[in-house]
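FYI, it's all coordinate maths here, none of it is from the lab. Note that the structure is predicted; figures quoted are calculated from it, not measured. For neighbour counting, all protein chains shown are included, and Cβ atoms are generated from backbone atoms with ideal geometry for every residue, glycine included.
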Amino acid sequence: MPYVDGFVFAVPTANRQAFLDHAGAFDRAFLDAGATRVVEAWGDDVPEGRLTDFRRAVQAAPGETVVFAWVEWPDKASRDAGNRKVMEDPRMASGAEQMPFDGKRMIFGGFEVVLDLAR
């Protein structure tokens, strides 16, 4: 079954283009390491909840936009091997120093796909 790494983080809204430039270069490392797809989704309708929500999860401040991203892999073994390659990729070292957001507030995890419906 496919495997997905998911990420949620806050980006200063003014840094949108810097974020897109960073992601465009950085995300290529995942594809080169075997990922089948990388998606970066800029928050457009991210409401505040009564108990919890995406904004609170990443401590988004006024002037920040929540980003929801995911990396799709053929399976967990490919993901584990791919993540090792990505961590050794020189693009990671240079990109981490120039992140246009606070990576300490990012939440992330790996997910086994248990249902996948498509049209």
- For the chain, list log₁₀ I(q)/I(0) at each q in 0.13 Å⁻¹, using the Debye formula over Cα point scatterers of equal strength and ignoring solvent, two decimals each. -0.55
- Task: Determine, from the Cβ-Cβ distance of TRP42 and ALA81 and an R0 of 35 Å, the FRET efficiency 1/(1 + (r/R0)^6), rounded to the nearest 0.05.
- Result: 0.75
- With Rg and the Kirkwood Rh both taken from Cα atoms, where does Rg over Rh land for segment 51-95? 1.14
- Query: At a Förster distance of 35 Å, what's the computed FRET efficiency of ASP116 paired with ASP32, Cβ-Cβ distance as r, to 0.05?
  - Reply: 0.90
- Query: Around PHE68, what is the net charge, scoring Lys/Arg as +1 and Asp/Glu as -1 over all other residues with Cβ under 13 Å from its Cβ?
  - Reply: -4
